[in-house]
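Visitor: One structure follows; several queries about it will come next.
The values are calculated or read from the model by the stated rules, or taken from the named source; none is laboratory data. Quick caveat: nothing in here was measured; it's all calculated off a predicted structure. All Cβ positions, glycine included, derive from the backbone under ideal geometry; neighbour counts span all protein chains shown.
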Amino acid sequence: MIKANKICQSCGMPLNKDRGNGGTERNGSKTDRYCSHCYQKGEFVRQGITVEQMRALCIEKMVEMRFPQFVAKLLTRNLHKLDRWKNA
């Protein structure tokens with residue numbers, strides 16, 4: 001049995017907070033690796049984005065959601081360790 005990821009392996013968002021209930025593969029099936037904001041129809045939504053750009057985007061979104069900026073920075077500090085970015 002494969003253990004499901006608890007966070008998106010692209011942006012780090014907790015998958016249980018994804019209102020889209022996870023990303024989708026080409027065949028429409030749900031993936032347990034990525035959120036609906038990052039992965040749709042078997043492809044990353046933001047092609048060519050760097051880990052640094054993703055981190056900035058995540059921080060911006062969290063600040064919009066009223067997270068203190070220092071908390072947003074803290075929560076994104078290990079983004080580079082997620083599966084999408086390990087070999088980038």
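Visitor: Kindly provide the set of residues from segment 33-45 that are surrounded by 14 or more Cβ atoms within 10 Å (Cβ to Cβ), of a type outside the set (Phe, Trp, Tyr) and part of a loop (DSSP other than H, G, I, E, B), ordered by number.
Guide: Of all residues in segment 33-45, those surrounded by 14 or more Cβ atoms within 10 Å (Cβ to Cβ) come to 33-40, 44-45.
Applying the additional criterion that residues be of a type outside the set (Phe, Trp, Tyr) yields 33, 35-38, 40, 45.
Once the filter is applied, which keeps residues that are surrounded by 14 or more Cβ atoms within 10 Å (Cβ to Cβ), of a type outside the set (Phe, Trp, Tyr) and part of a loop (DSSP other than H, G, I, E, B), segment 33-45 yields ARG33, CYS35, SER36, HIS37, CYS38, VAL45.
Visitor: Would you be able to say whether some residue in segment 76-84 is among the β-branched types (Val, Ile, Thr) and either touching a helix residue (DSSP H, G or I) at 6+ places or on another chain (Cβ under 8 Å) or in a helix (DSSP H, G or I) (or both)? Outline the logic, then answer.
Guide: Step one: filter segment 76-84 for residues among the β-branched types (Val, Ile, Thr), giving 76.
Those still in the list that are either touching a helix residue (DSSP H, G or I) at 6+ places or on another chain (Cβ under 8 Å) or in a helix (DSSP H, G or I) (or both) too: 76.
Yes.
Visitor: Here is a check on your reading of the model: is VAL63 surrounded by 14 or more Cβ atoms within 10 Å (Cβ to Cβ), in contact with a strand residue (DSSP E or B) (Cβ under 9 Å, 6 or more places away or on another chain) and of a type in the set (Val, Ile, Thr)?
Guide: Numbers: surrounded by 14 or more Cβ atoms within 10 Å (Cβ to Cβ): yes; in contact with a strand residue (DSSP E or B) (Cβ under 9 Å, 6 or more places away or on another chain): no; of a type in the set (Val, Ile, Thr): yes.
Taking the combined requirement at face value, the residue does not satisfy it.
Visitor: Another question, if that's okay. Restrict the check to segment 19-28 and report whether at least one residue is modelled with pLDDT under 95 and buried (at least 16 other Cβ atoms within 10 Å of the Cβ).
Guide: yes
Visitor: Follow-up. Are there any pairs, at least 6 apart or on different chains, whose C-beta atoms fall under 7 Å, with the first in segment 63-88 and modelled with pLDDT of 95 or more and the second of a type in the set (Ser, Thr, Tyr), and if so, which?
Guide: LEU82/SER10; ARG84/SER10
Visitor: Right, next: Here's a check for you: in segment 46-63, which residue that is of a type in the set (Lys, Arg) and assigned to a helix (DSSP H, G or I) is farthest from LYS81 (Cα to Cα)?
Guide: Of all residues in segment 46-63, those of a type in the set (Lys, Arg) come to 46, 55, 61.
Within this subset, residues satisfying the condition of being assigned to a helix (DSSP H, G or I) are 55, 61.
Numbers: ARG55: 12, LYS61: 20 Å.
Ranking the qualifying residues of segment 46-63, first place goes to LYS61.
Visitor: Here is a list: GLY28, GLY22, GLY12. Which entry is of a type in the set (Gly, Ala, Ser) and over 13 Å from the mean Cα position of the chain (by Cα)? Steps first, please.
Guide: Details: GLY22 fails: over 13 Å from the mean Cα position of the chain (by Cα); GLY12 fails: over 13 Å from the mean Cα position of the chain (by Cα).
Just one listed residue meets the conditions, GLY28.
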